[in-house]
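A short worksheet on the structure shown next.
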Amino acid sequence: MGIPALQSGEDVKTLRVPVANRAAAVLLVAAAAGLVLARRLHRAVEIALAGLAAPSVHIGQAGRSAYLLVPLLLLTSVLIALFPRITRRVLMALGFTALALAAVDVLAMWLGSPAGLLGGVASLVLFGWLAVRREKR
């Protein structure tokens, strides 16, 4: 059994991704690359922000959200490229997840690594739920 040949007059279905969606996907990949390349700067900013939120707590645990944010940026760009109709939904999911990851960094400062780990897992579950949920009609 092979792939059936097209009959004359049949249309070939192609994936058409609007230019704005392509641009969003490329910008997300660029942001992920930027986070990887500017790892030290990103970590310094996160540590400074965490120090403002909890100045008396040891800040050695800060900076973990970038490690989860990079794969989420790449996954979001792939989802936008493959399913252009859900672009708004996955971008909103990415935004909420990024905020949750920032909160997880602060939470990990106050409660320690286990809280950070559980918060990171919860953030990933949040992204998945927000990205694939169906809207009520």
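In order along segment 96-104, the phi-based Karplus estimate (6.51 cos²θ - 1.76 cosθ + 1.60, θ = phi - 60°) of 3J(HN,Hα) comes to 5, 5, 4, 5, 5, 5, 5, 5, 5 Hz; Gly and Pro are listed as x.
Out of the total accessible area of segment 87-137 (probe 1.4 Å, heavy atoms of protein only), what percent is carbon and sulfur? Kindly include the intermediate steps, with their values, before the conclusion.
Working: 2380 of 3370 Å².
Answer for segment 87-137 is 71 percent, counting heavy atoms of protein chains only.
Taken over the C-alpha atoms, segment 85-137 has Rg and Dmax values of 12.8, 42 angstrom.
The values are calculated or read from the model by the stated rules, or taken from the named source; none is laboratory data. Predicted model, so just to flag it, every value in this text is computed and none were measured. Note: accessible area is taken over every heavy atom of the protein model, side chains too, but ligands, DNA and RNA are not part of it. Shrake-Rupley method; radii C 1.70, N 1.55, O 1.52, S 1.80 Å.
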